[in-house]
Amino acid sequence: MVHHNGKQFTSKIFKRFLEHNNIKDKPIPNSYPLLQGKVEAYNNVKNELISEEDISSIDEGSLRYDMFVKAYNDKSEHGGINGLTPSEMFLQTFNRSHNRNNTKQKSVTYVGI
């Protein structure tokens, strides 16, 4: 289980639950925001797609997932990146990096990609 180090994930009860159910514990390091973004991306898919949609088949689920990913990346504005969409942020970061000939880029989390 990948998680941040919130109280609910560091309690003795939770640790015993993981151990009892043979679940490995993997806290996200504080200095690694990319992994936190991946957890948040999963939560977005779970909360905004899976729990809201009646999906009757794998093919339908795959189609709806693809539509969700496109909308999330291209249309949803995020307060954490100054109201930009993930695609806009990625392009800005890529262009700045490419223009400066700098290989280090800020992380941008895309859902499902």
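Looking only at the stretch 51-83, how many residues end up being touching a helix residue (DSSP H, G or I) at 6+ places or on another chain (Cβ under 8 Å), farther than 18 Å from GLY37 by Cβ and not in a helix (DSSP H, G or I)? Of the residues in that region, 2 qualify.
Residue selection: HIS78 satisfies the criterion of being surrounded by 13 or more Cβ atoms within 10 Å (Cβ to Cβ) and either basic (Lys, Arg) or within 30 Å of LEU91 (Cβ to Cβ) (or both).
Within the stretch 1-47, work out how many residues are within 16 Å of GLY80 (Cβ to Cβ), assigned to a helix (DSSP H, G or I) and not polar (S, T, N, Q). So the count comes out to 8. Being surrounded by fewer than 10 Cβ atoms within 10 Å (Cβ to Cβ) and within 30 Å of GLN92 (Cβ to Cβ), is that true of even one residue in the stretch 21-42? Yes. Pull up the stretch 84-113, narrow it to residues that are β-branched (Val, Ile, Thr) and not in a helix (DSSP H, G or I), then point me to the one that is modelled with the lowest pLDDT. Out of the qualifying residues, it is ILE113.
The values are calculated or read from the model by the stated rules, or taken from the named source; none is laboratory data. Note that this is a predicted model, so its numbers are computed, not measured. For neighbour counting, all protein chains shown are included, and Cβ atoms are generated from backbone atoms with ideal geometry for every residue, glycine included.
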